Amino acid sequence: QALSQTMFFFDTQREGYLPLSNPVSWRGSAFVADYNSSATLAAATPNATFDSGFGSFGSATTPIAFTTTLLVWALMAFGPGFTAAGQAGAALDSIRWGSDYLLKVHKALPGTNNSMIITRQVGDIDTEMLLWYRPEEQGLPRPAFAVDLTTGGSDLGGSVAAALAASSIAFRNQNDTQYAGQLLAKAQEVYEFAKAVKGRFGDGDFNLTVLYNTSTFYDDLAWAAGWLYKATKQASARTGGQGQPSRHRLEMAAPRAAYAYDWDNVFWPLNLLLAQETERSTFRQQTELFLKNWICAGNAANYTQRGRAYNPMSGSLGATANAAAMSLMYADLAEASSPTLAREYRCWALSQVRYVLGDAGRSLLVGHGKNPPKRTQDRAAACPDPPEVCNRVTGLLSPDPDSHVLSGALVYGSGRCDAFKDERGADSNRVGIENNAGLAAALAGVARVGWPWPAGRLAGWAGGLAGRGPRQGRPAGTCTLAASLPGSPFLRCAPCCRPSAAGPRPVGGVPAGLRHLPLLSHLWHLPLRLVPRPQLAPQALAEQFPCFLAQHFWRASSLALPEAHCDTLI
């Protein structure tokens, strides 16, 4: 059910001329005037999708490319899961909608410069954010912003090339060889332009930095080369990205940012892709490093009190879902050499999926489970039905639930906290196709594994201490996660833990593992005035200082170091 709802959400985000088979009764064709004005676009561009930047009101090429690529990958990796849920056809339709758009947003310009432009965004954010009306009521063409690849734009071009190459594989597998060939030819053409003049599309033009401006372009070029290699198996494509990943790592030197996986950072999925396609151990090692840092709360991730892993630099639920999807994909590679390790990768992914669907107390997927979000930052869903006027007052600022259930939308979430306040204007209530792509993959992966749903409890992951071996006597093929060590401070210590009524310390007082160490026991209750950290507000310091102690002084305890389990397992 969750997977079918997630695929339905992609249908709700379509714009342009919608087909007669459109399954969303409350959506109609929208922004069709954009597509009659080829003078403002790289080409006529029907069949776009909304992105999250305008409250689902504008189109940006980067998230469309990212989403299309990830849906292709998910369908290839977890096809039986999509089929079991009856969603294989819906996945192909969404991929086709995205690839049709990407075919038309770039245009080679013949002449002495032999240049290519790519439409990177349709809609002006300054104008759109002042408006709040039904998409179907927009009658005037919106401005389009294009990037000339001869002046830079390797990030945008790489993303588009990767999506086109990936889509060519999907439709070749469906025996649509003509369309697949068209996609592959365009992917190769865009890639050649993207790598010829290296640079980010937003460099030097501050009008382009508002939405989806990337941190570095090296990962995008390598991502494109990796998908071209998968599509063609030509060695030149594989070596075309040589050196790009290492340059990307240098530019993303901050550890937590370096371990993010979202539309802005595809270095880690690139390693998984190449691990699937080559025999080189380097790519497996890099993928295992990524997963270890997520599962074991290393440089990549922290955990909320109720068990969600998140990267502080990319804290959306979508980024967590992306990591879960990677864990499920890599489990297939690890299966032959280590079935136990493969099961633990799947267990962790299942725990994150279950968190989204309600194990933490409420569902964060619209229209699904217990107390799901009802006030999304989506104009088509929020606007009241005609003839009532839709504007910022009756839409964005209204405290009422959405007029139409945006079924399957994964909200961005509250970052490092489990608390979720269902307010339409909050960032936590944003939705977007790029936020749902990883969840679709993870849900299909879980469906393919076929474990009974009660088998994936969150116990044992609540503090970020994953990696226990399988519980003795556990039935083969199930996933009942081992409990954390007694007295582990991580059970009640997370960056979002709340002060107790007795004062600014985690509920439960000094963890058992620290009580026999007088100095550390004293430090646990150290007055805040003795710990000068001006960059943190007092409440944030009260919440984080005990966590810091637990993480950095646990080795002094006589108890076994929880992370050691991860070190030996992963």
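Magnitude of the Cβ-charge dipole of region 2-455, K/R +1 and D/E -1, about the Cα centre, nearest 20 debye?
Numbers: 38 positive and 40 negative charges, 205 e Å.
Roughly 980 debye for region 2-455.
Working out 0.36 nm times the residue gap between GLU277 and GLN178, then minus their Cα-Cα distance, what length gain in nm do you get to one decimal?
Working: separation 99, 0.36 × 99 = 35.64 nm, distance 2.45 nm.
Stretched out fully, the GLU277 to GLN178 stretch lengthens by 33.2 nm.
In straight Cα distance, which lysines are under 19 Å from LYS230, not counting same-chain residues fewer than 8 positions off?
Qualifying lysines at Cα under 19 Å: LYS186, LYS195.
Please report, in whole Å, how far the alpha carbons of region 2-455 spread along each principal axis, starting with the longest.
That gives 62, 62, 43 Å along the principal axes, largest extent first.
Could you sort the peptides 159-172, 425-438, 344-357, 178-191 by per-residue average Cβ neighbour count (10 Å cutoff), highest mean leading? Intermediate values should be presented prior to the final figure.
Numbers: 159-172: 28.4, 425-438: 23.9, 344-357: 25.8, 178-191: 19.6.
Ranking, from highest mean packing down: 159-172, 344-357, 425-438, 178-191.
Taken together, the values in this text are just the output of simple stated rules run on the coordinates, not laboratory data. As the structure is a computational prediction, the values presented were derived from the model and not from experiment. Heads up, the Cβs are rebuilt from the backbone with ideal geometry, glycines too, and the neighbour counts pull from every protein chain shown.
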